[in-house]
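Values in this text are rule-based calculations from the coordinates and carry no lab data. This one's a predicted model, so the numbers in the text were calculated from it and none came from an experiment. Don't worry about glycine lacking a Cβ; one is built from the backbone with ideal geometry, like all the others, and counts go over all protein chains shown.
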Amino acid sequence: MQRPTTRKRPWPHAATGVVPLVIALGCSPASGGGPSTAWFEDAPLASDATAVDAGPIDATGAESDGGVDGLGSGEPDADAVADATPAPFVSDPQPAERLWPVPGELLILHVGVDSLLPKMGEATIVVGPTGTITLIDVGNDKHAGQVRALVETLNSSWLTTERGYPARSKRQVEWIVLTHFHADHGGGLEDLLQGDDALALQHGVVHRGWVDVGDGTTAGTWEPLCAALQSKPLDWPLCAPQTLPVCDLGALASHHPATTCGGLLRGRIDDPADDAGMAPTFLDLGGGARLTLLAADGWIGGGSLAAAPAMGYDDTNQENARSVVAWLSFGAFRGHFGGDLTGSGEPTEPDVETRLVAGVADSVWGPRGTDLAVAHHHARKTSNNATLIAALAPSDGRSRNVVGGISKLHVGSPHDDVVARWTAATRLGTGRFWVTHRTFTSAAPADFPALLDADGDVVLRTQQGGDGYWLQAPAQGVTQGFGCVRRVP
Ligand SMILES: [Zn+2]
């Protein structure tokens, strides 16, 4: 991927006099140009009862816009209507080996962070079809070595020119997305960006913004992170405050609320030419894969902006509620990431999940929801509420999968109630609830047949250009194949 020659302003709207667009919940139009669903409504499928205007799925099953639901065009591709009924998905022969990247397919590696190290952590590595690497959270400081080693292995052994990828350097990473500022998600970042073996970060770090910082963050984690980002041309905050806080947690006694989260409406994040359209912000992962950013700091995007719920300043869980939410698309495949977003509605756990559903379920997720959901907050019951699960995993008998990024210090994860909710009825079909680890107080596979403790990495690789995918728990020798919900009648 080419490095952009023009950087966007790191502080959208902060100094330009642009009026932040804040409208009521319910996802009203962002402008007078029509319903917000026009941005990138899921391509309707011929077999859906509501599907009369079939979407941009061509005869091969690959969506004509590179995978995101009409994004940028606003209208289905009329030429594709005649080919709207997808051929039945027939899986490739099951691979016997561990899943590593292959050109033209997407790979998602949920890192089973080293359970012997005394730190909680969650980290995911996304490898695009052309070999780009995007990290979604990087684990704690103790996990930086493990994440760096995986990046080196991917670049040195798998994403090579011999295997058909463009040339890459040993530690090359295109993007890092930090869901929020808690140490189990971003504590490793300072280490990864410093020193002789620093990652060769091509584009930057996307995060919720230097707003309302302080909830549950510690000086030891947050100050170096802040310094590492603000001092380099790597900083892509989605929300912006009136005044930029200094990188001193002690100096943050005053509030730095977001005055806008206009960073969610910038189209391709590194292309200034398309900002005026205010389409949802996305990272181009190459080869038709995109990571679209739907929420940050409690603000919901998806083509319009809904303001955050009132959230306080002194509660540790409210950092979770501010998590960045992302939607990964490639061909017919969809994946949902939401960090530690909360939804219980308890005083310390604002129900941002229900607001998210109100804002993006119709316009982005569509009636079929997702193929892969990463359970919020390490599958704790602060999160993963019934409204969210019903939207991402409707009870339609199609197969979907949930992954819990859990270290052995996330005591009580996954929670019984959460596993029960995700696996109820026919939400997952033949899919499973995969966890990287669990503890003795967590939900147990004996009680939940669909729960699979991978005891390490959980790896997903698409097949046939995103028509289907494999999920694998290498340490358990389990590999299972699925057709994507948009390809299965
Ligand atoms: Zn966490």
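Remarks
- Label point of SER91 set 7 angstrom out along Cα-Cβ; within segment 325-359, amide nitrogens under 18 Å from it belong to 332-334.
- Taking every C-alpha pair closer than 8 Å and separated by at least 6 residues, the mean separation divided by the residue count of segment 255-376 gives a relative contact order of 19 percent.
- Span from the segment 343-398 Cα centroid across to the segment 417-478 one, whole angstrom: 17
- Cα→Cβ-extended label distance, 7 Å offset, between ALA219 and ALA200, nm: 3.8
- Were the residues from ALA358 through THR441 laid out at 0.36 nm apart, the gain over their Cα-Cα distance would be 26.5 nm.
- Equivalent ellipsoid semi-axes - Cα gyration tensor, segment 165-287, angstrom: 25, 21, 10
- If you take all other residues with their beta carbon under 14 Å from the beta carbon of VAL411, and give Lys and Arg +1 and Asp and Glu -1, the sum is +3.
- Gain on full stretching of the segment that runs from THR243 to ALA227 - 0.36 nm per residue minus C-alpha separation: 4.1 nm
- Note on ALA386 and ASP114: their simple-model spin labels are 4.3 nm apart, each label 7 Å out from Cα toward Cβ.
- Mean Cβ neighbour count within 10 Å, used as a protection proxy, ranking 282-293, 198-209 highest first: 282-293, 198-209
- For segment 357-484: relative contact order, % (alpha-carbon pairs under 8 angstrom, 6 or more apart): 19
- Förster radius 25 Å - calculated FRET efficiency between THR259 and THR348, Cβ distance, rounded to 0.05: 0.55
- Ranked by the mean number of other Cβ atoms within 10 Å of their residues, highest first, the peptides 458-469, 381-392 come out as 458-469, 381-392.
- On full extension, the segment bounded by ALA420 and GLU152 gains 92.7 nm, given 0.36 nm per residue less the C-alpha separation.
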